[in-house]
Every structure is written in C-alpha cells, then in structure tokens.
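Every number in this text was worked out from the coordinates using simple rules, so none of it is lab data. Treat the numbers as computed from the prediction; the structure is a model and nothing was measured. In this analysis, Cβ positions are derived from the backbone assuming ideal geometry, glycine residues included, and neighbour counts consider all displayed protein chains.
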Amino acid sequence: MFLRHLECTSCGLPHDWKRLQNLCTACGKPLFAIVDLAKAGRTLTREALAVREKSLWRYRELLPLPEGVEPVSLGEGGTPLLWAKRFADDVDLWIKDESQSPTQSFKARGMSVAVSMAKYLGATKLAVPSAGNAGGALAAYTARAGLEANIFMPRDTPRANIIECRELGAHVTLVGGLITDCAAEIARRKDAEGWFDLSTLKEPYRIEGKKTLGYELAEQFDWELPDVILYPTGGGTGLIGMWKAFYEMETLGWVGKKRPRMFSVQASGCAPIVRAFEKGDSIAAEFPGAHTCASGLRVPKAIGDFLILNILRQSNGGAVTVDDEEMIRVTREVGSSEGLFVAPEGAACFAALKSLRSGGKIAAAERVVIFNTGSGIKYLDCYEA
Ligand SMILES: Cc1ncc(COP(=O)(O)O)c(C=O)c1O
Ligand SMILES: [Zn+2]
C-alpha cells in the first residue's frame, strides 16, 4: 500500500490515515487519499495489470488497505464495456455496465474499499443515508465483514432496495423525507450509538473504490480516454473519483493529457448541479421539492458540489436535465436495442445523449461513454406490467 496521508480537497490540511476520519477537521470539506504514485508505479505497471484478476483489487497499490490485509470483497469491478451501435450509430457509443456488479450497482466498488478500511481501522457499526443502492451495497459488504449496518432511507425508496437491505441483515430505518433528512438523522445519533458514518464523500475511501471506474475505462480503451463521459449525478462520487483517476494515471505515465468532456446528467425534478452550472455558481444551492423516480439522482444538496462543478468546467463539459417520462420511455429503447434493462439513472444518460447531439454539444463520430450505474430490476415500481 502506498497511501501517504489524507488531504482536504478545499484547504489542503493533511490528516492521518491511520485512524477513522470523516470530513476535514478544519473546514468540514471532503478528504482525498494521497497515494505515492512514484512508488506505486514501480510494481503496478500497465503490463502487470494485464495478467491480474478482474476484481478492482487488481489496482491494489493505488488503493488504501495495508499489504497482507484481506479486502472485504464480493468480486466487484471488471464490468463490461459494451459497444452500443444499435442505440446510436452516429456516435461511437459505449456503455460501462455497472448493473453486473455485486448488488447490481456501481455502489459495490465504493463499499468494498470503504468497508475494508473501516474494518481495518476498528469500526464495528457502520451507518449510511441511502437513496437505495448504496444501502444494498453497504448491507452486503458489512455482512461479509461481520460488521453491523445501519441504513437510513427515504420512505419512498424503491421496495427492492428496502427488502434487499433487510434480507442482508442490516438495520433499516425509513425516514419521511429525502436523503438529506436521513443524513441529518445519522449525524444526530452517531456519537451516542457508536456508528461510523460512511456517507458518500464524508469518509475518504468510497471515492477510492469509485475511481477504479476511471482506471478500467482507460484500460478497456487501451489507454486512450474517450471524448465524452455522461454520468448520472447524485452525490457525484463516481465523477469525482474518475477525475482523480485520470490525474493519477497521467502522473503514472499511463495516459496523456487528454481528458474526456464530463457531463452531469440529472433529473429535471432534482437538478442542483445543472442549475448551479448554468448560473455560473461555484457551489450548488439546495434544490427545493426534489422528486424523481431515479432515486439515486434525488440528492438535493451534495457535499462535493464544488468539486463536481469544477470538473464539469475544467473538462469543457456540461450539465443537463432529463424528465422522468423521458427516462422511462428511453429505458425500453435501450432495452430493445442493446439488451440491457438499465436503471432510470442510466436511462437518463441515453436521453441526455440525444439532446446533447441535437444541441451540437457532441459531434458525430465522437467516442462517448455512458455509465449504466444500476439495474432496472430494482425499480419495478416505476414501470407498468
Ligand atoms: C443507480 C445510481 N446511479 C447514480 C447514482 C448517483 O451516484 P453519485 O452519488 O456517484 O452521483 C446513484 C446513487 O445513489 C445510483 O444509485
Ligand atoms: Zn479543509
């Protein structure tokens, strides 16, 4: 392991990785894991990677968790990157299909790394607010680790997520309100209960798991990053994680300077990042009355908002909304052309692709990657039988 220390993404204050950390102790912003890339790159080379197992732990030198410690794993990572010529033949479209992950969503990546580190550092009771999929992933990884999971979800979270968490042995509390209300409930109770808060970006390692999305993309495209990435954005962890991966890979000498144009896709019923992007703001105000069937996008206020907005602007990308009816309609279009029952969050990106193409933001023949972050099978409540 070549983790040096944790560093605040806003004020730069270093923090010790050897104990459990949440936000920056000085300014309350997220912490990043700083890896000694020169040392990591001595044993982890592009050639060495080619013969390693498929799991995301193949990037072990770039991840936290000391050598010799067994990760908490369900075989996460190594998902297929599928060419989607039938859905769109005017661009070079690819789908990174995360529905094939443990617990059927990309949340498995972050939880494998975060639960591994939390266990190693001595936490026994973990807590998260969840839109659904993060809860399912936490429940699975804590079960496997022999730890306790406390999951707070909005009452109207898809039924599959609620049942899944319970059947995986987690303590589930349904809250009348949004994910932000669930987070507030955890903040109020965690000290008395002895819970370690694993909220996205409020601890430093879920993002380390998510950054492997960026590493895998580069590897699957033979170390040439695509022109455009469409990412369904709630808390933005995957987008921020990939951007970190791109920087790390450039430092390692694995990719060049080219960066994809990064686009956040949000639901029109909950679009704080799109609104802030359009107004030119550097942080995003809380989105009032948030509602959408894409529960993972129902995040009215994201703690990493300033990081997301920075990436969208730096990459010359953007932010777009899609309404729920369009997401549901496009789901069948994707299903019948590509054979994937995508989550509404993933469907939103396919709808966004159409509007970005017709608006001239994506040119013909450009290489575009859509993240299908979850499976439609968890959202049966959104569809008519
Ligand atoms: C299927 C799905 N897609 C996208 C998201 C948003 O992810 P992020 O927090 O990385 O923006 C979530 C979050 O719950 C999700 O479950
Ligand atoms: Zn700080």
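Taking K and R as +1 and D and E as -1, what net charge do the other residues with C-beta under 11 Å from the C-beta of Glu286 add up to? Here the count lands on +1.
Using a Gaussian network model of the chain whose springs link C-alpha atoms within less than 10 Å, name the residue from Ala40, Ala302, Ala351 with the highest mean-square fluctuation. Fluctuation is largest for Ala40.
Were the residues from Ala184 through Ser337 laid out at 0.36 nm apart, the gain over their Cα-Cα distance would be 50.9 nm. Compactness check for the range 199-327: Cα Rg over 2.2 N^0.38 Å is 1.04.
Using a simple spin-label model with pseudo-atoms 7 Å out from Cα toward Cβ, Arg313 and Leu174 lie 4.2 nm apart.
The rule of thumb for compact globular proteins, 2.2 N^0.38 Å, goes into the C-alpha radius of gyration of the chain 0.91 times. Counting Lys +1, Arg +1, Asp -1, Glu -1, what net charge surrounds Cys24 among other residues with beta carbon under 13 Å of its beta carbon? With Lys, Arg at +1 and Asp, Glu at -1, the net is -1. Computed from phi, the 3J(HN,Hα) profile of the range 239-252 under the Karplus parametrisation 6.51, -1.76, 1.60 (θ = phi - 60°) reads 5, 5, x, 5, 4, 5, 4, 4, 4, 5, 5, 5, 4, 6 Hz, with x in place of Gly and Pro. Taking amide H atoms as placed 1.01 Å from N in the peptide plane, the amide H of Ser375 lies under 5 Å from those of Ala343, each 5 or more residues away in sequence or on another chain. Applied to the range 31-40, the Karplus parametrisation 6.51 cos²θ - 1.76 cosθ + 1.60 on θ = phi - 60° returns per-residue 3J(HN,Hα) values of 9, 10, 7, 9, 9, 6, 5, 4, 6, 4 Hz, with x for Gly and Pro. Which distance in Å, rounded to a whole number, links the C-alpha centroids of the range 184-234 and the range 67-99? Computed from Cα coordinates, the inter-centre distance equals 16 Å. Between the alpha-carbon centers of the range 261-329 and the range 1-56, tell me the distance in whole angstrom. What the calculation gives is 27 Å, centre to centre. Secondary-structure-derived ellipticity at 222 nm for the chain, considering helices only, amounts to -11500 deg cm²/dmol, per-run term -39500 (n - 2.57) for DSSP H runs with n ≥ 4.
Restriction of the trypsin sites (Lys or Arg not before Pro) in the range 216-286 to DSSP coil positions whose beta-carbon has at most 15 other beta-carbons within 10 angstrom yields Lys257, Lys258. Between Thr43 and Tyr247, residue separation times 0.36 nm minus the direct Cα-Cα distance comes to 71.6 nm. For the chain, the longest piece that avoids every one of the chymotrypsin sites (Phe, Trp or Tyr not before Pro) found in DSSP loops with at most 14 other C-beta atoms within 10 Å covers 1-222. For the range 1-71, the list of GluC sites (Glu not before Pro) that fall in a loop by DSSP and count at most 12 other C-beta atoms within 10 angstrom reads Glu53, Glu67.
Residues whose amide H lies under 5 Å from that of Leu82, counting only those 5 or more places away or on a different chain, are Ile95, Lys96, Asp97; hydrogens are built 1.01 Å from N in the peptide plane. Give the cross-link partners of Lys96 among the aspartates and glutamates, using a straight C-alpha distance below 12 Å as the criterion and excluding same-chain residues fewer than 8 apart. Cross-link targets: Glu216. One chain, two ends: Val51 and Glu167. Fully extended at 0.36 nm per residue, the span grows by 38.1 nm beyond their Cα-Cα distance. Amide H contacts of Cys24 (H built 1.01 Å from N, in plane; Pro and chain starts excluded): Lys29, Leu31 sit under 5 Å, all sequence-distant by 5 or more or on other chains.
Among the listed pairs Lys202/Lys257; Lys39/Lys211; Lys85/Lys244; Lys29/Lys258, which are separated by more than 21 Å between their Cα atoms? Over 21 Å Cα-Cα: Lys202/Lys257; Lys85/Lys244; Lys29/Lys258.
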